[in-house]
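This report concerns only the one structure given below.
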Amino acid sequence: MTFRRINSRLEELDAQVLGISCDHTASHRAWTLSLGGVPYPELSDWHPKGKVSKAYDLWNEERGASIRAVVIIDKEGIVRFRETYQPGTLPDPQTVLAAVAALS
Amino acid sequence: MAAEVGSVAPDFTMPSANDGDISLSQYRGSKHVVLSFHVLNFTGG
């Protein structure tokens, strides 16, 4: 959970984290509870399934699930950073922090 | 490719677990947004 650890630093940089997967909100609630709470919203790309992931070209049709990725959008709504990750790999927190810091 | 660096991010509205519906556009002009796409809950991905 990369973003739980760096969320407060991202807030200081005027950034809002949004978690996204195609799980139902009920699953999100159970999951965030199991983690002891998550300090940012978890969104459900559930209906129609994967619609937003597809709009971002981050949908794995075979798995029927989103592709692991980080997309950073600036205050004007422009994509400024985009990285995808193979299964078993996670975003590097320092890379994400540096990318957000570079926006300000 | 959709949503590549330098392009306008596609707007969306999605239900959240605990905070109601959230739209990307609600942060326009006030916050940068970090989208963390993940595979499925409980998978570590």
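Remarks
- For the stretch B:8-21, the candidate set comprises residues that are more than 7 Å from chain A (Cβ to nearest Cβ) and exposed (fewer than 13 other Cβ atoms within 10 Å of the Cβ); within that set, the residue that is farthest from A:Lys75 (Cα to Cα) is B:Gly20.
Each row is one residue, and each column tells you yes or no for (1) part of a loop (DSSP other than H, G, I, E, B); (2) at pLDDT below 95; (3) out of contact with any helix residue (DSSP H, G or I) (no Cβ under 8 Å at 6 or more places or on another chain); (4) surrounded by 17 or more Cβ atoms within 10 Å (Cβ to Cβ).
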site: B:Ala3; (1), (2), (3), (4): yes, yes, no, yes
site: B:Gly6; (1), (2), (3), (4): yes, no, yes, no
site: B:Ser30; (1), (2), (3), (4): yes, no, yes, no
site: B:Val33; (1), (2), (3), (4): no, no, no, yes
site: B:Val39; (1), (2), (3), (4): yes, yes, yes, yes
site: B:Phe42; (1), (2), (3), (4): yes, yes, no, no
site: B:Gly45; (1), (2), (3), (4): yes, yes, yes, yes
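- Strands (runs of 3 or more DSSP E) contained entirely in the stretch A:1-98, each with at least 3 residues that are surrounded by fewer than 19 Cβ atoms within 10 Å (Cβ to Cβ): A:79-84
- Within the stretch A:45-84, being modelled with pLDDT under 95 and of a type in the set (S, T, N, Q) holds for A:Asn60, A:Ser66.
- Taking the criterion of being more than 7 Å from chain B (Cβ to nearest Cβ), aliphatic (A, V, I, L, M) and either in contact with a His (Cβ under 8 Å, 6 or more places away or on another chain) or touching a residue at least 40 places away in the same chain (Cβ under 8 Å) (or both), the residues of the stretch A:68-99 that qualify are A:Leu90, A:Leu97.
The values are calculated or read from the model by the stated rules, or taken from the named source; none is laboratory data. Quick caveat: nothing in here was measured; it's all calculated off a predicted structure. FYI the Cβ positions are ideal-geometry reconstructions off the backbone, even for glycines, and counts take in every protein chain you see.
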